[in-house]
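First comes the structure, then the notes that go with it.
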Amino acid sequence: MSSQRKWATGYLITFMVMIFLNYWSGTNVGSVADANQAIIQPAGFAFSIWGLIYMLLFAWIIKLFFSGDGSVTARLKFWPVFNFLLNGLWILVFTQQWLWASVIVIAGLLYTLVKMYAVLTGAGRYGFDRLPLSVYMGWVTIAAIVNIFALAVNNDVETFIGLGELPWTIIMLVFAALAGIAVALRFGDWLYPLVFIWPYFGIYAENDSMYMSLDTTLLITALALLAAAVMAVSRRQGGQPDRKSSG
């Protein structure tokens, strides 16, 4: 068995472990989240994006078995294994309401995604080699912030350095949007900022126009993220050197 297929097999096994843990405990995630609901938590429908993420990751792994180019697995090596195991571990600790541990685990999960994304981008691997990670990383970026707010609610933290939950929610939404815009423009990734718009819409729907300042922030940041995506596409079509892609 080639090195590429060995790594792909490892990815598939740990991916299936992750899926088992997610679907075994997945119904409990919503109840724990609702018990510690923060303003920034999106409506339940927004979490359906996990289905898309899992389908994209599965297709990505299967492609590795049939690709004649082993450079993706040669560069990523053990990082997807760590990522999938951390994803499953997060489900376990979050459903047990070990929220401090869940914040640490999701931070590690986000770190592995950033690492994989940076490795593939640095190697010029765009197209479907990077696309699933753009969606996955975009969602986990927001999920990590939501997780931190859930921890604060669980510990009855109402203010931090003089600011309440609503101002901090607005600050973090702007901060996340700036990160999405920076990635879009720096790495020519139109998809990453678009992913943010989905949870932002979920936050808007969940709060049902309760806070005008929040609605305004969500609208402005969503438009800025959309503009960044369009700019990323324009730059890619405007004569930047072609990079290796998934095919």
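Say each of Ala74 and Arg236 gets a label point 7 Å from the Cα, pointing the same way as Cα to Cβ; how far apart are those two points in nm?
2.5
Which net charge results when you count Lys and Arg as +1 and Asp and Glu as -1 among the other residues whose beta-carbon is under 13 Å from that of Leu64?
Neighbour charge sum, excluding Leu64 itself: +4.
For the chain, modelled as a Gaussian network with Cα springs under 10 Å, which listed residue fluctuates most, Ile220, Ile40, Ile197?
Ile220
Based on the Cβ-Cβ distance of Ser25 and Val157, what FRET efficiency does E = 1/(1 + (r/R0)^6) give at R0 = 25 Å, to the nearest 0.05?
0.45
If R0 is 22 Å, what FRET efficiency do you get for Gln37 and Ala179 from their C-beta distance, rounded to 0.05?
Result of the calculation: an efficiency of 0.40.
Given the options Tyr126, Tyr23, Tyr192, state which has the largest fluctuation in a GNM of the chain using a 10 Å cut-off (strictly under) for Cα springs.
Looking only at Tyr126, Tyr23, Tyr192, the biggest GNM fluctuation is shown by Tyr23.
For Rg/Rh (Cα atoms, Kirkwood Rh), one of (1) 1.03; (2) 0.95; (3) 0.98 was computed from the structure I shared and the rest are decoys. Which label?
Calculated Rg/Rh (Cα atoms, Kirkwood Rh): the matching label is (3).
Provide the FRET efficiency to the nearest 0.05 for the Ile13-Leu92 pair, computing r from the beta carbons and using R0 = 25 Å.
0.90
Sum -39500 (n - 2.57) across every DSSP H segment of at least 4 residues in the chain, then divide by the residue count to get the 222 nm mean residue ellipticity, nearest 500.
-26500 deg cm²/dmol
Every number in this text was worked out from the coordinates using simple rules, so none of it is lab data. Small disclaimer: the values here were computed from a predicted structure and weren't measured. Glycine also receives a Cβ, built like all others from the backbone with ideal geometry; neighbour counts cover every protein chain displayed.
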